[in-house]
Structures are given as structure tokens and as C-alpha cells.
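Presented below is the structure to which this report refers.
The values are calculated or read from the model by the stated rules, or taken from the named source; none is laboratory data. Here the structure is a predicted model, which is why all the values come from computation and not from measurement. Methodologically, a virtual Cβ is constructed for each residue, glycine included, from the backbone with ideal geometry; neighbour enumeration extends over all protein chains shown.
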Amino acid sequence: MSKVMIIGAGGVGNVVVQKVAQLPDVFSEIVLASRTKSKCDAIAATINRPIKTVAVDADNVPELAALLKAEKPELVINVALPYQDLTIMDACLEAGVHYMDTANYEPLDTAKFEYSWQWAYQDKFEKAGLTALLGSGFDPGATNMFTAYLAKHYFDEIQELDIIDVNGGDHGYPFATNFNPEINIREVTAECRHWENGAFVTTPAMSKKAEFTCPEEVGTYNIYRMYHEELESLTKHFPTLKRAQFWMSFGDSYLKHLEVLGNVGMTGIEPINFQGVEIVPIQFLKELLPDPSTLGPRTKGKTCIGCVVKGIKDGQEKTMYLYQIKDHQDCYKEVLSQAISYTTGVPAMIGAKMIVEGHWKKPGVWNMEQMDPDLFMEDMNKYGLPWHIVELKDFSLEK
């Protein structure tokens with residue numbers, strides 16, 4: 001029985017609260033905090049058990065630390081913006097609270113995301129006797145667990161990894177993002193990096209395209225190679241990997257709108273002066289686009305996210321595919337959310353469960369794949385994200 005504080009009241013925050021609330025024997029008390037208390041109250045009104053809601057500025061370390069000292073949660077589940085990871089970690093250290101998030105730190109003024117800033121907290125958390133778990137969403141998160149599970153149970157050595165994220169959902173808008181527009185667009189337009197023969201190779205954003213047919217009649221989609229943060233930790237913790245790539249599906253309408261918006265400067269992150277007011281174009285664009293948390297009732301179709309791993313078992317080459325398929329409307333019926341928020345929020349709840357139950361509680365800063373995957377994978381099956389494994393023959397994404 002543990003008290004947790006969830007910071008962030010967006011689409012993912014809603015799912016985390018809903019799923020945490022379903023397990024009163026694990027999470028005895030829930031505090032939901034956000035800069036805007038009314039967002040927390042709206043989520044709490046949909047829950048069938050008492051939830052405390054509070055307003056807090058997660059950028060303000062003394063304010064957040066004071067709240068943590070007053071509430072005394074065992075764990076903070078950070079589903080706020082990635083820009084706030086470090087201030088929340090600082091507050092957790094000051095207040096003596098365990099920490100976890102779903103995405104790595106990203107500076108507000110630079111489109112660059114990597115683990116170096118958070119890995120630098122290793123000694124601080126270790127000396128404080130606190131756990132910091134990084135990236136317990138789907139990708140990163142479940143994809144790290146998929147890789148670790150395959151490495152543990154199906155291979156003696158893993159050599160190639162392709163993480164493939166397909167969203168076959170249709171929300172009906174010409175252009176909208178399935179999670180925070182600012183984070184989504186910064187991620188998609190960043191330079192691509194993939195791992196090849198012991199080093200990262202940089203290529204232009206989405207310059208490599210392939211076609212992938214999902215199992216279980218989800219469909220065939222164009223997927224594009226891009227950089228994603230789990231590649232950094234997975235290649236570090238699985239040094240036998242000779243190649244590692246991340247792929248995501250995008251429709252033609254999304255790509256065309258993104259190209260035009262980029263060409264006219266609307267995806268820029270540098271402040272500009274507009275009629276005497278300083279604005280950041282991408283933040284202004286965010287206000288014009290549909291709120292991702294409102295997409296649930298209108299999104300139809302399925303997601304298909306998984307890891308293809310090639311390696312050696314008993315001296316023989318083999319390729320295994322571990323994947324998870326989720327229907328957008330099934331998610332909405334359960335937690336009033338589309339599948340993108342759902343598939344991030346459920347692994348966040350499970351990661352929190354692993355910590356408060358003591359399975360993953362050890363001092364220091366950890367990536368998901370450094371933990372034993374078995375209990376996490378069992379809980380994915382229990383709590384809404386059942387997965388499957390198949391062996392592939394003649395698999396290739398070269399085109």
C-alpha cells in the first residue's frame with residue numbers, strides 16, 4: 001500500500017490516474033498535481049475513488065519539494081513535459097521521494113533529447129538511497145522491456161534491433177498529433193540517428209522509408225527511420241548490437257502538412273517578435289492544433305508497436321518479433337483515451353507498481369532494460385496490453 005503523486009494532467013496523465021486508481025491494494029492514495037488544478041479536477045471527477053488534486057509549478061524546485069514534503073508520497077510519477085524532468089528529479093532528491101518518468105529530459109531551447117543529463121544524477125540518487133526509473137512509457141519503456149525479454153529468453157546474443165511503431169488510427173483531422181504537439185513535432189523533425197557498427201550514424205530526418213505489414217490484419221504502412229531515445233540506452237546496455245533502428249509510420253497528409261509548416265517557420269523553436277510580443281512559433285502552433293486529449297472519441301483503428309530482434313541462439317541465426325496491438329476505441333471505452341496515451345500510460349502504471357512493490361527498488365538512476373523484464377511483461381498482459389511473439393523468416397526493411 002503506497003501513496004503516489006502523479007505530475008501532469010494531459011492525455012497520458014489521465015490514463016495513469018485511471019489505471020493507478022484501479023489498483024487500490026497497490027496504490028493506497030493518489031495525489032494528482034499540475035500547473036492547472038482545473039485539469040486535475042476534471043480527471044478526478046471521472047474516477048470512482050477519492051483523489052487529491054493540487055496546483056504546482058513543476059519548474060519551481062522549492063515549491064514542488066515543499067509539496068512533496070507535505071504530502072510524503074513514496075513515488076512521483078512524472079508525466080509532465082520532458083523539459084521538467086530535471087527540476088522534478090531535484091525536488092524528489094530534496095524531499096526523499098522515488099522518481100520515474102516516461103520520456104527523457106529535453107532542453108526547452110534546443111531540439112535535442114538524450115540521457116546524459118539524467119544519467120549524471122546516478123551518484124545523487126544512489127547516495128540518497130532513492131530509485132529513479134527513466135522512460136517507463138511504451139517507446140521508450142515497453143520497447144526496452146521487449147528487447148530485454150527477447151534477449152533473456154530467446155537469444156544467446158542479440159545483434160540487430162528494429163523498433164517499429166505503427167499507428168493505424170484515423171482521427172479525421174487533416175493534421176493533428178497524438179501527443180503533445182510541441183514534443184511530437186520536435187521529435188519528428190530532429191535529425192535521424194541510428195546505430196551501426198559501434199557508432200551512431202546521422203542522416204536527415206525521415207530520409208529513409210520502408211514498407212511494413214503489421215500482423216493480425218492491422219494493415220500495411222509506410223514507416224520512416226528516425227531517432228528515438230531508447231536507442232541510446234539499449235545500445236549501451238546491449239553492447240552486442242551491431243545495428244539498431246527506430247521506425248514510425250506517418251500518413252501522407254501528416255507529412256505534407258508538416259513540410260509546409262516547416263517551410264513557413266511554424267515549427268521553429270526560437271522566439272520571434274510579433275507585434276511587440278515574443279512568441280515561439282511551435283508553441284503558437286500547438287494552440288491552433290486539436291488537443292490530443294480530445295481525440296479519443298473520434299479515433300478509429302489500431303496501433304501496432306513492437307521489436308524485431310535478430311541474433312544467435314545455439315549457434316543459429318534467428319529473428320523474433322515481439323509486438324502489441326491496441327484498438328483506439330477499446331481504450332476510449334475503458335479510460336476515455338485514444339491508444340497513444342493508453343499505451344504510454346499503462347506501462348507508466350506498471351513501472352510504478354514495480355517500484356512500490358519493491359521489485360525494482362534500488363538506489364540509482366536506471367533505464368528500463370536494466371531491470372528484469374518478466375514481472376513487467378506479465379503485468380502488461382494483465383492490465384490491458386497483451387503481447388505476442390512470432391519468429392520471422394527473411395525479414396528485411398531495406399528498400
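Need pairs with beta-carbon distance below 8 Å; first residue within 21 Å of Leu255 (Cβ to Cβ) and within region 190-203, second charged (D, E, K, R) and in a loop (DSSP other than H, G, I, E, B); sequence gap 6+ or separate chains.
Cβ pairs passing all conditions: Ala190/Lys112; Cys192/Lys208; Thr202/Glu191; Thr203/Glu191.
Thr189 versus (1) of a type in the set (Val, Ile, Thr); (2) surrounded by 14 or more Cβ atoms within 10 Å (Cβ to Cβ); (3) at pLDDT 90 or above: which is the lone unmet condition?
(3)
One line per residue, one yes/no per condition, for (1) surrounded by fewer than 15 Cβ atoms within 10 Å (Cβ to Cβ); (2) among the polar types (S, T, N, Q); (3) outside any helix (DSSP H, G or I); (4) touching a residue at least 12 places away in the same chain (Cβ under 8 Å):
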residue: Thr344; (1), (2), (3), (4): no, yes, no, yes
residue: Ile355; (1), (2), (3), (4): no, no, no, yes
residue: Glu378; (1), (2), (3), (4): yes, no, no, no
residue: Asn381; (1), (2), (3), (4): yes, yes, no, no
residue: Asp394; (1), (2), (3), (4): yes, no, yes, no
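For every residue, the table says whether it meets (1) of a type in the set (A, V, I, L, M, F, W, C); (2) farther than 15 Å from Gly169 by Cα; (3) touching a strand residue (DSSP E or B) at 6+ places or on another chain (Cβ under 6 Å).
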{"residue": "Tyr221", "(1), (2), (3)": "no, no, yes"}
{"residue": "Glu259", "(1), (2), (3)": "no, yes, no"}
{"residue": "Gly268", "(1), (2), (3)": "no, yes, no"}
{"residue": "Gly296", "(1), (2), (3)": "no, no, no"}
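For region 230-268, how many residues meet the condition of being among the hydrophobic types (A, V, I, L, M, F, W, C), surrounded by fewer than 17 Cβ atoms within 10 Å (Cβ to Cβ) and either assigned to a helix (DSSP H, G or I) or in contact (Cβ under 8 Å) with a residue 24 or more places away in the chain (or both)?
Total satisfying the criteria: 2.
Taking Glu287 as the residue in question, decide whether it is surrounded by fewer than 17 Cβ atoms within 10 Å (Cβ to Cβ), without any contact (Cβ under 8 Å) to a residue 60 or more places away in the chain and part of a helix (DSSP H, G or I). Spell out the reasoning first.
Numbers: surrounded by fewer than 17 Cβ atoms within 10 Å (Cβ to Cβ): yes; without any contact (Cβ under 8 Å) to a residue 60 or more places away in the chain: yes; part of a helix (DSSP H, G or I): yes.
Yes: the conditions hold for Glu287.
Would you confirm whether or not region 148-170 contains a residue that is surrounded by 21 or more Cβ atoms within 10 Å (Cβ to Cβ), in contact with a Pro (Cβ under 6 Å, 6 or more places away or on another chain) and of a type outside the set (Ser, Thr, Tyr)?
Yes, because at least one residue in region 148-170 is surrounded by 21 or more Cβ atoms within 10 Å (Cβ to Cβ), in contact with a Pro (Cβ under 6 Å, 6 or more places away or on another chain) and of a type outside the set (Ser, Thr, Tyr).
In region 1-45, what count of residues is obtained for those that are part of a strand (DSSP E or B) and either more than 25 Å from Leu86 (Cβ to Cβ) or hydrophobic (A, V, I, L, M, F, W, C) (or both)?
Within region 1-45, residues that are part of a strand (DSSP E or B) and either more than 25 Å from Leu86 (Cβ to Cβ) or hydrophobic (A, V, I, L, M, F, W, C) (or both) number 11.
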